[in-house]
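The values are calculated or read from the model by the stated rules, or taken from the named source; none is laboratory data. Every value quoted in this text rests on a predicted model; they were computed, and no experiment measured them. Cβ placement follows ideal geometry from the backbone for every residue including glycine, while neighbour counts extend to all protein chains displayed.
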Amino acid sequence: MVQVKRIVLDVLKPHDPNGFDFTTAIAEKTPGCSVKLTVTAMDARTETVILVVEGKNLHLHVISEAIGSLGGSIHSIDEVDVENGPDDTEPA
Amino acid sequence: MTSMIAELIWLLTLTRSHVIARRYFVVNGFDGALTMLGLLVGFYVSEDVRLPVVINACLGVAIALGMSGISSAYISEVAEKRRELRELEKAMVADLGQSAHGRAARLLPVVIACVNGMAPFAISLIILMPLFAAPLLEPLSLLPLQSAFALALIIIFLLGVYLGRISHTFWLWAGLRTLLIAATTTTLIFTLSPG
């Protein structure tokens, strides 16, 4: 089964919500994940951040929707870690 | 209901509008309290005014203050929030209508307008309570007009104390300052009143 374990995103977001509220809101939408945010550039009203999301089985559309609902937009997907682990069900 | 309140708190914090709402509450609440105080002193100076007349006049002013607060704050806040959203959308080069910022621009003017209107209305109603409860005060030898006046002074003092807590100044001094404004208003009415 193919599972996304890690996604690194380049995101443009408004100053508000701040980094703490932004990452907390994303983590609430994707249970069991860890979110790391690094600010790389700052403008008068916006900031560019690198968002690293790690988890057992991440869904990009859920993370993307969460970012969009917070006023942010994804500029690029910089890194993705995907695993194809063994099937959960044993053949009969 | 709980999730809606949580959403409103989140949007208020996000746009830092809770500061605006708090300011409106104090400013218009103080406005309401001082207006009621002025009316009560005016009626006291007039003498021989029947209680229903006092209640009707004060209630009319309380409703007008509430409506004025709601409409003025709504009109100005809608314009402000729309401008803020447009500027943010320009910076983000994106439509933020469906984001938290878009929801805040639609919802918060209503919330702020309600705070701005309800503060003077609710405070006025509290001050008028002794007038409504006049028959209950009679056995206690309390005069309704004077009791309402005393209640107005207490509320004005408490608003000052609240302002003192916000600005981290000594609460008693902040309360006495607003009480001084009430005393000045009362003195002016007594001095300038022709009756």
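When residues in the range B:155-182 are screened for being at pLDDT 95 or above and surrounded by fewer than 14 Cβ atoms within 10 Å (Cβ to Cβ), 1 of them pass.
Scanning the range B:78-106 for residues that are among the acidic types (Asp, Glu) and more than 8 Å from every other protein chain (Cβ to nearest Cβ), we see that the one that is farthest from A:Ser69 (Cα to Cα) is B:Glu80.
Of all residues in the range B:33-67, those satisfying the criterion of being hydroxyl-bearing (Ser, Thr, Tyr) and crowded, with 16+ Cβ neighbours inside 10 Å are B:Thr35, B:Tyr44. Of all residues in the range B:1-25, those satisfying the criterion of being buried (at least 16 other Cβ atoms within 10 Å of the Cβ) and away from chain A (no Cβ under 12 Å) are B:Leu8, B:His18, B:Ile20, B:Ala21, B:Tyr24, B:Phe25. The number of residues in the range B:8-47 that are in a helix (DSSP H, G or I), more than 30 Å from B:Leu145 (Cβ to Cβ) and touching a residue at least 60 places away in the same chain (Cβ under 8 Å) comes to 9. Cβ separations smaller than 8 Å between residues 6+ apart or across chains give the following pairs from the range A:55-73 residues that are facing chain B (nearest Cβ under 8 Å) and without any contact (Cβ under 8 Å) to a residue 60 or more places away in the chain to residues that are aromatic (Phe, Trp, Tyr) and buried (at least 19 other Cβ atoms within 10 Å of the Cβ): A:Leu70/A:Phe22.
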